[in-house]
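Report on the following structure.
Values quoted throughout were computed directly from the atomic coordinates according to the rules given, and no laboratory measurement underlies them. What you are looking at is a predicted structure, and each value in this text was computed from that prediction instead of being measured. With ideal geometry, Cβ positions are generated from the backbone for all residues, glycine too; neighbour counts draw on all protein chains shown.
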C-alpha cells in the first residue's frame, strides 16, 4: 500500500455558505467515487480557497458525506493571491493510503476549474 494524493478543484458562483458546501461536497463525492476511497484510507484532506471565498469553510462538506467521514482530519487555508489566477476556486488535496499506482489515480476538476489542469480532466464522453 502506498500513500497517494488525489487532486480536485471546483469553482463557485456565489459566496454563500450553502453553495460553497454543495460544490465542495459534489467535488468530494466525485473524487471518492472515481478512486474507490473509504474514510479509513484517508490520511487527511486539505482545502484551499481563493481570497474571494469567505462565507464558509468548504471542509465542512466532508462532514455532510454519508459514511464515517467525521474521523477524517480536514483543514482549510487561503490560496496565494497570484495575479490573474482563477477566482472563486476551491482546491482539494486528499491524501489516501491505496493500492492504486500514481497513474491510476483520477484527479477531478469541475466547473471553471477544468482549465487549471486540462491534461488531468477525463473526457467522460469517450470510452
Between residue 19 and residue 117, what is 0.36 nm times their sequence separation minus the Cα-Cα distance? Round to one decimal in nm. 33.0 nm
If one puts a single equal scatterer on every Cα of region 34-84 and applies the Debye formula without solvent, what log₁₀ I(q)/I(0) results at q = 0.18, 0.25, 0.27, 0.28 Å⁻¹? -0.65, -0.97, -1.06, -1.10
Using a 10 Å cut-off around each Cβ, can you sort 50, 10 from fewest to most neighbouring Cβ atoms? 50, 10
Just check region 2-120 against the gyration tensor rule for me: Cα atoms, a ≥ b ≥ c as the square roots of the eigenvalues, rounded for a/c under 1.5, and otherwise prolate or oblate depending on whether a/b exceeds b/c. oblate
For the chain, what's the relative contact order in percent, using C-alpha pairs closer than 8 Å and at least 6 residues apart? 41
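Out of all DSSP beta bridges with both ends in region 34-127, state the antiparallel percent to the nearest 5.
Details: 7 of 12 bridges.
Antiparallel bridges make up about 60 percent of those DSSP assigns within region 34-127.
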Per the helix-only model, the chain has a calculated mean residue ellipticity at 222 nm (DSSP H runs of ≥4, -39500 (n - 2.57) each, divided over all residues, rounded to the nearest 500) of -5000 deg cm²/dmol
What spacing in nm lies between the two simple spin-label points modelled at residue 51 and residue 80, each 7 Å away from Cα in the Cβ direction? 1.4
